[in-house]
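Report on the structure given below.
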There are 2 protein chains.
Amino acid sequence: MGIGPGGPQDRTRRAERAIAESQVIVGYKRYLNLIQDLTSGKEIISSGMTMEVERCKAALEKASHGYIVALVSSGDPGIYGMAGLAVELSCQQKNSVPIEIIPGVTAASATAARIGAPLMLDFACISLSDLLVSWDVIRQRIEAVAAADMVVALYNPKSKKRIDQLVEAATIFRKYRNGTTPVAIGTSVGTQEENIVLSDLDHFLDSQINMRSIVIIGNSSSKVIDGWFITPRGYKTHSYE
Amino acid sequence: MGIGPGGPQDRTRRAERAIAESQVIVGYKRYLNLIQDLTSGKEIISSGMTMEVERCKAALEKASHGYIVALVSSGDPGIYGMAGLAVELSCQQKNSVPIEIIPGVTAASATAARIGAPLMLDFACISLSDLLVSWDVIRQRIEAVAAADMVVALYNPKSKKRIDQLVEAATIFRKYRNGTTPVAIGTSVGTQEENIVLSDLDHFLDSQINMRSIVIIGNSSSKVIDGWFITPRGYKTHSYE
């Protein structure tokens, strides 16, 4: 079972091969739309956004009957994607099926590349969704990362119903960092609706942010030069001139 | 200027297109060897491992003369790669050249995919190289991430001359986590010399680890099932059965 790709340009060879070799494609509707060019003639099983367990079980069920199945995540299936659940559910079955996990370009990398190089120094990926992890635990992680001057990429920063967490995260970072610290917001990166905003810690909450956004907050050495958001690694760039 | 790919199977379409469209390819010898199939007939500028500034300047120099240049990193150029330096140096030039940064599959994602799904919950990427960042700062980040129960991917964990940092990192994690916490070591992932080891916090230092390794240390919920290293996100996998 292959687990495949994100935006068309960021697809890997391995992901495209896996889709091509598969007989059944399983995934969230929005992601299946992104790979329509690869899936004609194949059996398609699509489902809604919060149906992760059902989607995985459908994929494993098909695989257990001998079909080659691709379970599709956007970005990297191993980072807030479907890889963990697929492995976990497969191990619970009597006859587990062979699984191949195909790594992809995660949304933090894709967003970073569009705006510069904010992730050049140590960074953390933190999801603000408290559906599966308690907000207390998430808040402690934000505090730890903010205090340790690490760059952060926030996944699932905000939904229609969940807006307080991002405000609280901003408040925590504001305790440790200047209001002028660069912040990038990438929404639907790699798709036709892609939108990239460069802002700062004092103002980024005014921007449009949703569940398809990634928010990257710089650290004390991050800066904006000529419209690029970079976190310099500290090479002596002038000493050779 | 495109910045391109890692192991052949993990190359993205965008990276392959950039190499194809480029007239000059600049990179560290080892990485250029990985893309030999794409570079015949092109001008090649290769250099040694610690020549990052020179390599970037050579690429920018060529680009300033109107050539289309690909500056090659392995993995994701935006994560401990060349993207930041290229942008920084370009902005210092009088006539900066147009730059396109092409995101890739970072080594943490590639290693995770080979061994399961250890990065399914919040995690940090930390480089143990103290060439450009002081060990005091790095140690504080390790302590913060360990205390906040985050999974960690350690980049540049160990070199021939630098072995103490990894031992100290292990000691810090051991303060907060059980000795049985799963640890994965991926070396030269995506290449023909790829080697993956699954170990635990008490024993992983006995394994072969070098500058081409990534070390992934699980958190309190990480576990090994049927040889897979996973960090469950907490879906109720049994409630639907």
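The values are calculated or read from the model by the stated rules, or taken from the named source; none is laboratory data. Keep in mind it's a predicted model, so treat the numbers as computed, not measured. No Cβ is skipped: glycine too gets one built from the backbone with ideal geometry, and neighbour counts run over all protein chains shown. Each accessible area value is taken on the protein alone, full model and side chains, heavy atoms only, with ligands, DNA and RNA left out. Shrake-Rupley method; radii C 1.70, N 1.55, O 1.52, S 1.80 Å.
Would you mind listing the distances between the residue A:41 label point and the same position in each other copy? Use 7 Å along Cα-to-C-beta, nm, one decimal, shortest first.
3.0
How many partner chain Cβ atoms sit within 10 Å of a residue's Cβ in peptide B:154-160, on average, as a whole number? Please list the in-between numbers first.
Values: counts 0, 1, 0, 0, 0, 0, 0.
Per residue, the average neighbour count from other chains is 0.
Which net charge results for the neighbourhood of residue A:9, defined as the other residues with beta-carbon distances under 15 angstrom from its beta-carbon, given Lys and Arg at +1 and Asp and Glu at -1?
-3
Highest mean first, how do A:53-59, B:108-114 rank when packing is the count of other Cβ atoms within 10 Å averaged over residues?
B:108-114, A:53-59
Would you pull out the residues with amide H under 5 Å of residue A:200's amide H, same chain only if 5 or more places away, H placed 1.01 Å from N?
For residue A:200, the qualifying residues are A:183.
Can you give the net charge of the other residues whose Cβ lies under 13 Å from the Cβ of residue B:30, counting K and R as +1 and D and E as -1?
+2
Sorted by average packing, counted as other Cβ atoms within 10 angstrom per residue and highest first, what order do B:228-236, B:161-169 take? Please report the intermediate quantities before stating the final value.
Values: B:228-236: 20.2, B:161-169: 14.8.
Going by the mean number of other Cβ atoms within 10 Å, highest first, we get B:228-236, B:161-169.
Long-range amide H contacts for residue B:123: which residues qualify at under 5 Å (H placed 1.01 Å from N, peptide plane, sequence gap of 5 or more or a different chain)?
A:125
At 37 °C and a viscosity of 0.692 mPa s, what translational diffusion coefficient does Stokes-Einstein give for the protein assembly as shown, taking Rh as the Kirkwood radius over Cα pairs? Give it in µm²/s as a whole number.
Calculated translational D: 146 µm²/s.
Can you list, shortest first in nanometers, how far residue A:95 lies from the same residue in the other copies, with each label 7 Å from Cα toward Cβ?
6.8
Which residues of the range B:109-123 end up with at least 40 Å² less accessible area in the presence of all protein chains than when their chain stands alone, using a 1.4 Å probe?
Going by heavy-atom accessible area, the residues of the range B:109-123 that drop by at least 40 Å² are B:109, B:113, B:120, B:122, B:123.
Determine Rg/Rh for the range A:1-148; Rg is computed over alpha-carbon atoms and Rh is the Kirkwood hydrodynamic estimate from the same atoms.
On the way: Rg = 16.6 Å, Rh = 16.5 Å.
Ratio value, two decimals: 1.01.
Using a 10 angstrom cutoff on alpha carbons, build the Gaussian network for chain B and name the most mobile of B:36, B:23, B:208.
Between B:36, B:23, B:208, it is B:36 that shows the largest mean-square fluctuation.
What does the accessible area of residue B:193 come to, in Å² to the nearest 10, when a probe of 1.4 Å is used?
Surface accessible to solvent at residue B:193 totals approximately 110 Å².
Quick check on chain B: of the DSSP beta bridges with both residues there, what percent are antiparallel, nearest 5%?
Expressed as a percentage, antiparallel bridges in chain B total about 50.
Treating the angle as unsigned and between 0 and 90°, give the value, to the nearest 10°, between the Cα long axis of helix B:164-176 and the longest Cα principal axis of chain B.
Rounded to the nearest ten degrees, it is 40.
Mind checking B:89-96 for the average number of partner chain beta-carbons within 10 Å of each residue's beta-carbon? Show your work: numbers first, answer last.
Values: counts 5, 3, 7, 5, 0, 0, 0, 3.
The per-residue average across the peptide is 3.
What does the helix-only formula give at 222 nm for the protein assembly as shown: each DSSP H stretch with n ≥ 4 adding -39500 (n - 2.57), the total divided by the residues, and the result rounded to the nearest 500 deg cm²/dmol?
That comes out to -9000 deg cm²/dmol.
What figure in square angstrom, to the nearest 10, would you give for the accessible area of residue A:13 with a 1.4 Å probe?
90 Å²
Within the set of other residues whose C-beta is less than 14 Å from the C-beta of residue B:203, count the net charge using Lys and Arg as +1 and Asp and Glu as -1.
Spelling it out: positives minus negatives among the neighbours equals -1.
Per-residue counts of other Cβ atoms within 10 Å, averaged by peptide: what ranking do you get for A:62-71, B:73-82, B:93-102, highest first?
Those peptides, ordered most packed to least, come out B:73-82, A:62-71, B:93-102.
Collect residues whose amide H, placed 1.01 Å from N in the peptide plane, falls under 5 Å from the amide H of residue A:117; neighbours closer than 5 in sequence don't count.
Placed amide hydrogens put A:229, A:230, A:231 under 5 Å from residue A:117.
Carbon and sulfur together cover what percent of the accessible area of the protein assembly as shown at a 1.4 Å probe radius? Present the calculation step by step, with values, prior to reporting the outcome.
Working: 9430 of 19560 Å².
Answer for the protein assembly as shown: carbon and sulfur cover 48 percent of the accessible area.
Placing a label point 7 Å from Cα toward Cβ, how far apart in nm is residue B:66 from its equivalents in the other copies, listed shortest first to one decimal?
6.3
In Å², rounded to the nearest 100, what is the total accessible surface buried by chains B and A against each other with a 1.4 Å probe?
6700 Å²
What relative contact order, as a whole-number percentage, does chain B give when Cα pairs under 8 Å and 6 or more residues apart are counted?
Contact order relative to length: 18 percent.
Could you work out, residue by residue across B:52-63, how many beta carbons of other chains sit within 10 Å of that residue's beta carbon, and then give the average as an integer?
1
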